[in-house]
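*Asks:* Handing you a structure now.
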Amino acid sequence: GGKILEEFADLMRVMWSGKFGARAPQRFRSVLTKCRPRYSGANQQDVPELLTDILDMLHEDANRVKKKPYVEALEDKFIEKTDLQRIGQEAWRRYLRRNRSVITDLCMGQLFNLVTCPQCNHSSKNFDPFNVLSLPLPTVDEVIYRC
């Protein structure tokens, strides 16, 4: 534990020092491939997946919660009778019981999900944590140009 965080911090120090024109991140990549062997080859990788993996590894290395408690899911009755803002606050409070890092502080958020069964019309509300939020980009045909 902590190796990916140490190498990432070293890479950032080198990059921001201004002492090097260009520097290949070989040591960082070496540690990364030990943790996630799928990145060891020269194959093209999915960038959002790589970013998510790196953020996850940095979070785990920096997590201040060393002994993670069991955290109950939100109860259906609580969700049914409670306003959405309060549900979100409680979901985040429970998430933070197991996840406290600089990555959580700077890069994490919650996404609200509402799923409704088309047959019985039962709805389920849930808040899910995320560290990368994929947004669709409009195509050229969808973009409106204004002068």
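*Asks:* For region 112-136, what are the residues that are farther than 22 Å from K77 by Cα and either among the β-branched types (V, I, T) or surrounded by 12 or more Cβ atoms within 10 Å (Cβ to Cβ) (or both)?
*Replies:* Those that are farther than 22 Å from K77 by Cα and either among the β-branched types (V, I, T) or surrounded by 12 or more Cβ atoms within 10 Å (Cβ to Cβ) (or both): F130, N131, V132.
*Asks:* Among the residues of region 75-92, which ones are open to solvent by 30 Å² or more (accessible area, probe 1.4 Å) and touching a residue at least 40 places away in the same chain (Cβ under 8 Å)?
*Replies:* Scanning region 75-92 gives a single hit, L84.
*Asks:* Can you confirm whether region 57-74 contains a residue that is surrounded by fewer than 16 Cβ atoms within 10 Å (Cβ to Cβ) and not in a loop (DSSP other than H, G, I, E, B)?
*Replies:* Checking region 57-74: not a single residue is surrounded by fewer than 16 Cβ atoms within 10 Å (Cβ to Cβ) and not in a loop (DSSP other than H, G, I, E, B).
*Asks:* Taking the stated definitions as given, is L32 under 18 Å from the mean Cα position of the chain (by Cα) and touching a residue at least 40 places away in the same chain (Cβ under 8 Å)?
*Replies:* So L32 does not fit the description; no.
*Asks:* Would you mention how many residues in region 96-111 are touching a residue at least 24 places away in the same chain (Cβ under 8 Å), within 18 Å of A9 (Cα to Cα) and open to solvent by 60 Å² or more (accessible area, probe 1.4 Å)?
*Replies:* Total meeting the criteria: 1.
*Asks:* Out of all the residues in region 11-41, which are of a type in the set (A, V, I, L, M, F, W, C), open to solvent by 50 Å² or more (accessible area, probe 1.4 Å) and farther than 17 Å from T52 by Cα?
*Replies:* Once the filter is applied, which keeps residues that are of a type in the set (A, V, I, L, M, F, W, C), open to solvent by 50 Å² or more (accessible area, probe 1.4 Å) and farther than 17 Å from T52 by Cα, region 11-41 yields M12, M15, W16, F20, A22, A24.
*Asks:* For region 33-73, which residues satisfy the criterion of being modelled with pLDDT of 90 or more, in contact with a Ser or Thr (Cβ under 9 Å, 6 or more places away or on another chain) and not β-branched (V, I, T)?
*Replies:* Correct list: K34, L58, H59, E60, D61, A62, N63, R64.
*Asks:* Out of everything in region 42-56 that is open to solvent by 80 Å² or more (accessible area, probe 1.4 Å) and part of a helix (DSSP H, G or I), what residue ends up being nearest to V102 (Cα to Cα)?
*Replies:* For region 42-56, the residue satisfying everything is L51.
*Asks:* Is it the case that R100 is over 20 Å from D128 (Cβ atoms), under 18 Å from the mean Cα position of the chain (by Cα) and in a loop (DSSP other than H, G, I, E, B)?
*Replies:* Against the criterion (over 20 Å from D128 (Cβ atoms), under 18 Å from the mean Cα position of the chain (by Cα) and in a loop (DSSP other than H, G, I, E, B)), R100 does not qualify.
The values are calculated or read from the model by the stated rules, or taken from the named source; none is laboratory data. Bear in mind that the values here come from a model prediction, so they are computed numbers and not experimental data. When we count neighbours, we look across all protein chains shown, and the Cβ atoms used for this are built from the backbone with ideal geometry, even at glycine. Please note that ligands, DNA and RNA were not included when accessible areas were found on the heavy atoms of the full protein model with its side chains. Shrake-Rupley method; radii C 1.70, N 1.55, O 1.52, S 1.80 Å.
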